1. If you take the residues of segment 1-29 that are in a loop (DSSP other than H, G, I, E, B) and in contact with a helix residue (DSSP H, G or I) (Cβ under 8 Å, 6 or more places away or on another chain), which of them is farthest from ALA154 (Cα to Cα)?
2. Within segment 136-160, track down each residue that is over 18 Å from LEU61 (Cα atoms) and assigned to a loop (DSSP other than H, G, I, E, B).
3. Can you give me the ranges of the strands (runs of 3 or more DSSP E) entirely in segment 30-132 with at least 1 residues that are away from the ligand (no atom under 16 Å from the Cβ) and under 16 Å from the mean Cα position of the chain (by Cα)?
4. Give segment 1-54 a look and list any residue that's among the basic types (Lys, Arg) and closer than 23 Å to VAL168 by Cβ, or say none.
5. Which of the residues spanning segment 149-177 are exposed (fewer than 13 other Cβ atoms within 10 Å of the Cβ) and at pLDDT below 95?
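The values are calculated or read from the model by the stated rules, or taken from the named source; none is laboratory data. Everything numeric in this text was worked out from a predicted model, so none of it was measured. Note that each Cβ is placed from the backbone with ideal geometry, even for glycine, and that neighbours are counted across all protein chains shown.
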Amino acid sequence: MKIAIMTLFPEMVDGILAESILGRAQKNGLLEIRSYNIRDYTLDKHRHVDDYCYSGGAGMLMQAEPIWRCYQQVLADFGIEDQEGMDGVPVKVLYMSPQGEVFRQSTAVELSEEECLIFLCGHYEGVDERALELLHARPVSIGDYVLTGGEMPACIMIDAIARLIPGVLGNSESPVGESFTDGLLEHPQYTRPEEFMGLRVPDILLSGDHKKIEQWKLEASLARTKERRPELYEEYLATHKLPKKTKLPE
Ligand code: 6GU
(Lines give C-alpha, C1' and ligand atoms only; values in the text may rest on other atoms or scores of the structure.)
Protein backbone atom coordinates (compact mmCIF):
# COMPACT_ATOMS: atom_id res chain seq x y z
CA MET A 1 0.00 0.00 0.00
CA LYS A 2 1.13 3.53 -0.78
CA ILE A 3 0.14 6.29 1.64
CA ALA A 4 0.64 10.03 1.15
CA ILE A 5 0.10 12.53 3.96
CA MET A 6 -0.50 16.14 2.97
CA THR A 7 0.28 18.41 5.93
CA LEU A 8 1.86 21.67 7.05
CA PHE A 9 3.80 19.74 9.72
CA PRO A 10 5.45 16.69 8.13
CA GLU A 11 7.81 16.26 11.11
CA MET A 12 4.79 15.51 13.30
CA VAL A 13 4.04 12.34 11.36
CA ASP A 14 7.43 11.22 9.98
CA GLY A 15 8.90 10.17 13.32
CA ILE A 16 5.88 8.29 14.58
CA LEU A 17 5.33 6.32 11.38
CA ALA A 18 9.01 5.34 10.97
CA GLU A 19 9.09 3.36 14.23
CA SER A 20 8.06 -0.09 15.39
CA ILE A 21 5.72 -2.24 13.30
CA LEU A 22 4.98 0.38 10.62
CA GLY A 23 8.70 1.12 10.31
CA ARG A 24 9.38 -2.59 9.81
CA ALA A 25 6.58 -2.85 7.22
CA GLN A 26 8.15 -0.01 5.22
CA LYS A 27 11.59 -1.64 5.33
CA ASN A 28 9.99 -4.90 4.15
CA GLY A 29 8.35 -3.11 1.23
CA LEU A 30 4.77 -3.89 2.34
CA LEU A 31 4.05 -0.23 2.90
CA GLU A 32 5.27 3.08 1.55
CA ILE A 33 4.43 6.21 3.53
CA ARG A 34 5.46 9.68 2.36
CA SER A 35 4.62 13.04 3.83
CA TYR A 36 4.21 16.16 1.69
CA ASN A 37 4.58 19.69 3.04
CA ILE A 38 1.67 21.66 1.57
CA ARG A 39 3.71 24.84 2.06
CA ASP A 40 6.14 23.61 -0.62
CA TYR A 41 3.32 23.94 -3.18
CA THR A 42 2.37 27.57 -2.68
CA LEU A 43 3.11 30.02 -5.50
CA ASP A 44 3.05 32.96 -3.09
CA LYS A 45 6.56 34.37 -2.47
CA HIS A 46 5.86 34.54 1.27
CA ARG A 47 4.76 30.90 1.18
CA HIS A 48 1.35 31.74 2.64
CA VAL A 49 -1.04 28.80 2.79
CA ASP A 50 -3.97 30.43 4.58
CA ASP A 51 -6.21 33.48 4.36
CA TYR A 52 -9.25 35.11 5.96
CA CYS A 53 -12.70 33.57 5.65
CA TYR A 54 -15.17 35.17 3.17
CA SER A 55 -17.95 34.51 5.68
CA GLY A 56 -16.06 36.57 8.25
CA GLY A 57 -15.41 35.55 11.82
CA ALA A 58 -12.18 34.71 13.57
CA GLY A 59 -9.52 32.40 12.20
CA MET A 60 -7.85 31.54 8.94
CA LEU A 61 -8.68 28.95 6.32
CA MET A 62 -6.22 26.87 4.33
CA GLN A 63 -6.37 27.93 0.68
CA ALA A 64 -7.28 25.55 -2.12
CA GLU A 65 -4.39 26.19 -4.49
CA PRO A 66 -1.42 24.79 -2.52
CA ILE A 67 -3.52 21.75 -1.58
CA TRP A 68 -4.50 21.20 -5.22
CA ARG A 69 -0.91 21.52 -6.45
CA CYS A 70 0.37 19.22 -3.69
CA TYR A 71 -2.31 16.66 -4.68
CA GLN A 72 -1.12 16.78 -8.31
CA GLN A 73 2.39 15.90 -7.11
CA VAL A 74 1.07 13.00 -5.02
CA LEU A 75 -0.83 11.62 -8.05
CA ALA A 76 2.31 11.93 -10.19
CA ASP A 77 4.37 10.10 -7.52
CA PHE A 78 1.72 7.39 -7.27
CA GLY A 79 2.07 7.01 -11.05
CA ILE A 80 -1.57 8.00 -11.59
CA GLU A 81 -1.72 9.81 -14.92
CA ASP A 82 -5.24 9.94 -16.25
CA GLN A 83 -7.62 11.36 -13.67
CA GLU A 84 -10.64 11.50 -15.96
CA GLY A 85 -10.20 7.86 -16.96
CA MET A 86 -11.15 6.85 -13.44
CA ASP A 87 -14.41 8.75 -12.95
CA GLY A 88 -12.51 11.66 -11.44
CA VAL A 89 -11.75 9.58 -8.33
CA PRO A 90 -8.34 8.06 -8.97
CA VAL A 91 -7.49 7.50 -5.29
CA LYS A 92 -9.30 7.81 -1.97
CA VAL A 93 -8.59 11.04 -0.10
CA LEU A 94 -9.41 11.20 3.61
CA TYR A 95 -9.84 14.62 5.15
CA MET A 96 -9.03 14.72 8.87
CA SER A 97 -11.90 16.62 10.49
CA PRO A 98 -13.89 16.55 13.73
CA GLN A 99 -16.91 17.15 11.45
CA GLY A 100 -16.37 13.84 9.68
CA GLU A 101 -17.91 10.41 10.13
CA VAL A 102 -16.30 8.54 13.04
CA PHE A 103 -13.45 6.21 12.02
CA ARG A 104 -14.13 2.65 13.26
CA GLN A 105 -12.50 -0.76 12.98
CA SER A 106 -14.85 -1.43 10.05
CA THR A 107 -13.52 1.73 8.34
CA ALA A 108 -9.97 0.46 8.87
CA VAL A 109 -10.89 -2.92 7.35
CA GLU A 110 -12.48 -1.23 4.31
CA LEU A 111 -9.52 1.11 3.71
CA SER A 112 -6.90 -1.62 4.22
CA GLU A 113 -8.04 -3.08 0.89
CA GLU A 114 -6.99 0.03 -1.09
CA GLU A 115 -3.73 0.23 -3.04
CA CYS A 116 -3.22 3.95 -2.44
CA LEU A 117 -4.56 6.39 0.16
CA ILE A 118 -4.11 10.12 0.68
CA PHE A 119 -4.51 11.78 4.10
CA LEU A 120 -5.21 15.52 4.08
CA CYS A 121 -4.46 17.20 7.41
CA GLY A 122 -6.07 20.54 8.13
CA HIS A 123 -4.94 23.21 10.54
CA TYR A 124 -6.27 26.64 11.46
CA GLU A 125 -10.06 26.79 11.18
CA GLY A 126 -10.28 24.39 8.27
CA VAL A 127 -9.85 24.13 4.51
CA ASP A 128 -11.47 25.97 1.58
CA GLU A 129 -14.43 23.77 0.61
CA ARG A 130 -13.36 23.76 -3.05
CA ALA A 131 -10.17 21.84 -2.22
CA LEU A 132 -12.28 19.14 -0.56
CA GLU A 133 -14.65 19.04 -3.54
CA LEU A 134 -11.85 18.82 -6.13
CA LEU A 135 -10.10 16.00 -4.26
CA HIS A 136 -13.39 14.13 -3.53
CA ALA A 137 -12.18 14.19 0.06
CA ARG A 138 -14.07 12.08 2.61
CA PRO A 139 -14.16 13.78 6.03
CA VAL A 140 -13.24 11.42 8.88
CA SER A 141 -12.93 12.00 12.63
CA ILE A 142 -11.33 9.90 15.37
CA GLY A 143 -13.95 10.79 17.98
CA ASP A 144 -16.03 13.45 19.66
CA TYR A 145 -13.40 15.89 20.88
CA VAL A 146 -11.48 18.67 19.12
CA LEU A 147 -7.74 18.54 18.37
CA THR A 148 -5.42 21.27 17.05
CA GLY A 149 -4.79 19.51 13.75
CA GLY A 150 -5.25 16.37 11.71
CA GLU A 151 -1.71 14.98 12.04
CA MET A 152 -2.32 12.81 15.09
CA PRO A 153 -5.65 11.50 13.73
CA ALA A 154 -3.89 10.64 10.45
CA CYS A 155 -1.21 8.64 12.32
CA ILE A 156 -3.89 6.83 14.31
CA MET A 157 -5.89 5.89 11.23
CA ILE A 158 -2.76 4.85 9.30
CA ASP A 159 -1.72 2.59 12.18
CA ALA A 160 -5.17 0.99 12.38
CA ILE A 161 -5.28 0.45 8.59
CA ALA A 162 -1.69 -0.67 7.97
CA ARG A 163 -1.68 -3.38 10.66
CA LEU A 164 -4.51 -5.12 8.74
CA ILE A 165 -2.41 -5.45 5.57
CA PRO A 166 -1.38 -9.12 5.26
CA GLY A 167 2.20 -9.59 6.47
CA VAL A 168 2.45 -6.35 8.43
CA LEU A 169 1.84 -8.12 11.73
CA GLY A 170 3.82 -11.23 12.61
CA ASN A 171 1.92 -14.41 13.52
CA SER A 172 2.22 -13.72 17.24
CA GLU A 173 0.74 -10.26 16.71
CA SER A 174 -2.24 -11.52 14.70
CA PRO A 175 -5.36 -9.34 14.68
CA VAL A 176 -7.68 -12.39 14.84
CA GLY A 177 -9.81 -12.45 17.98
CA GLU A 178 -8.78 -9.02 19.24
CA SER A 179 -11.18 -6.38 20.54
CA PHE A 180 -13.74 -5.17 17.98
CA THR A 181 -12.93 -7.72 15.28
CA ASP A 182 -15.78 -9.85 16.61
CA GLY A 183 -17.75 -7.10 18.34
CA LEU A 184 -16.68 -7.74 21.95
CA LEU A 185 -13.85 -6.32 24.05
CA GLU A 186 -11.03 -8.71 24.84
CA HIS A 187 -11.08 -10.72 28.08
CA PRO A 188 -8.44 -10.06 30.80
CA GLN A 189 -5.07 -11.76 30.25
CA TYR A 190 -2.39 -13.03 32.63
CA THR A 191 1.23 -14.15 32.45
CA ARG A 192 3.60 -15.58 35.10
CA PRO A 193 3.71 -15.72 38.06
CA GLU A 194 0.52 -17.51 39.19
CA GLU A 195 0.33 -15.17 42.17
CA PHE A 196 1.50 -11.55 42.44
CA MET A 197 0.97 -9.27 45.47
CA GLY A 198 -1.65 -11.73 46.70
CA LEU A 199 -3.57 -11.67 43.39
CA ARG A 200 -4.05 -15.05 41.70
CA VAL A 201 -4.57 -15.99 38.07
CA PRO A 202 -8.14 -17.39 37.75
CA ASP A 203 -8.03 -21.17 38.46
CA ILE A 204 -9.75 -22.14 35.19
CA LEU A 205 -6.83 -20.70 33.19
CA LEU A 206 -4.43 -23.06 35.00
CA SER A 207 -6.71 -26.11 34.57
CA GLY A 208 -5.62 -27.08 31.06
CA ASP A 209 -9.29 -27.68 30.16
CA HIS A 210 -9.46 -25.88 26.81
CA LYS A 211 -13.24 -26.06 26.41
CA LYS A 212 -13.78 -24.50 29.84
CA ILE A 213 -11.12 -21.88 29.13
CA GLU A 214 -12.86 -20.88 25.87
CA GLN A 215 -16.17 -20.54 27.72
CA TRP A 216 -14.47 -18.47 30.47
CA LYS A 217 -12.97 -16.14 27.83
CA LEU A 218 -16.36 -15.61 26.20
CA GLU A 219 -18.06 -14.86 29.52
CA ALA A 220 -15.23 -12.55 30.64
CA SER A 221 -15.48 -10.69 27.30
CA LEU A 222 -19.24 -10.35 27.68
CA ALA A 223 -18.90 -9.02 31.25
CA ARG A 224 -16.20 -6.51 30.33
CA THR A 225 -18.11 -5.31 27.26
CA LYS A 226 -21.38 -4.89 29.18
CA GLU A 227 -19.58 -2.91 31.90
CA ARG A 228 -17.50 -0.63 29.68
CA ARG A 229 -19.37 -0.45 26.36
CA PRO A 230 -23.06 -1.28 26.96
CA GLU A 231 -24.02 -0.27 23.40
CA LEU A 232 -21.55 -2.81 21.91
CA TYR A 233 -22.88 -5.47 24.31
CA GLU A 234 -26.50 -5.01 23.23
CA GLU A 235 -25.47 -5.06 19.56
CA TYR A 236 -23.54 -8.29 20.13
CA LEU A 237 -26.44 -10.05 21.87
CA ALA A 238 -28.81 -9.00 19.10
CA THR A 239 -26.57 -10.38 16.33
CA HIS A 240 -24.85 -13.46 17.80
CA LYS A 241 -25.97 -16.84 19.03
CA LEU A 242 -24.32 -17.81 22.32
CA PRO A 243 -23.67 -21.38 23.52
CA LYS A 244 -26.62 -22.53 25.71
CA LYS A 245 -24.48 -22.89 28.83
CA THR A 246 -23.30 -19.25 28.67
CA LYS A 247 -23.83 -17.31 31.91
CA LEU A 248 -24.66 -13.74 31.01
CA PRO A 249 -23.16 -10.97 33.17
CA GLU A 250 -25.33 -9.45 35.96
CL1 6GU B 1 -9.65 14.13 12.39
N2 6GU B 1 -9.19 16.47 13.49
C3 6GU B 1 -9.26 17.36 14.50
N4 6GU B 1 -8.70 18.57 14.35
N5 6GU B 1 -9.88 17.10 15.64
C6 6GU B 1 -10.42 15.89 15.77
C7 6GU B 1 -10.38 14.92 14.76
C8 6GU B 1 -9.74 15.25 13.61
N9 6GU B 1 -11.02 13.83 15.19
C10 6GU B 1 -11.45 14.11 16.41
N11 6GU B 1 -11.09 15.36 16.76
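1. The residue in question is MET1.
2. HIS136, ILE142, GLY143, ASP144, TYR145
3. In segment 30-132, the matching strands (runs of 3 or more DSSP E) lie at 32-37, 116-121.
4. LYS2, ARG24, LYS27, ARG34 - these are the residues of segment 1-54 that are among the basic types (Lys, Arg) and closer than 23 Å to VAL168 by Cβ.
5. Of segment 149-177, the ones exposed (fewer than 13 other Cβ atoms within 10 Å of the Cβ) are 166-167, 170-174, 176-177.
Passing the criteria: GLY170, ASN171, SER172, GLU173, SER174, VAL176, GLY177.
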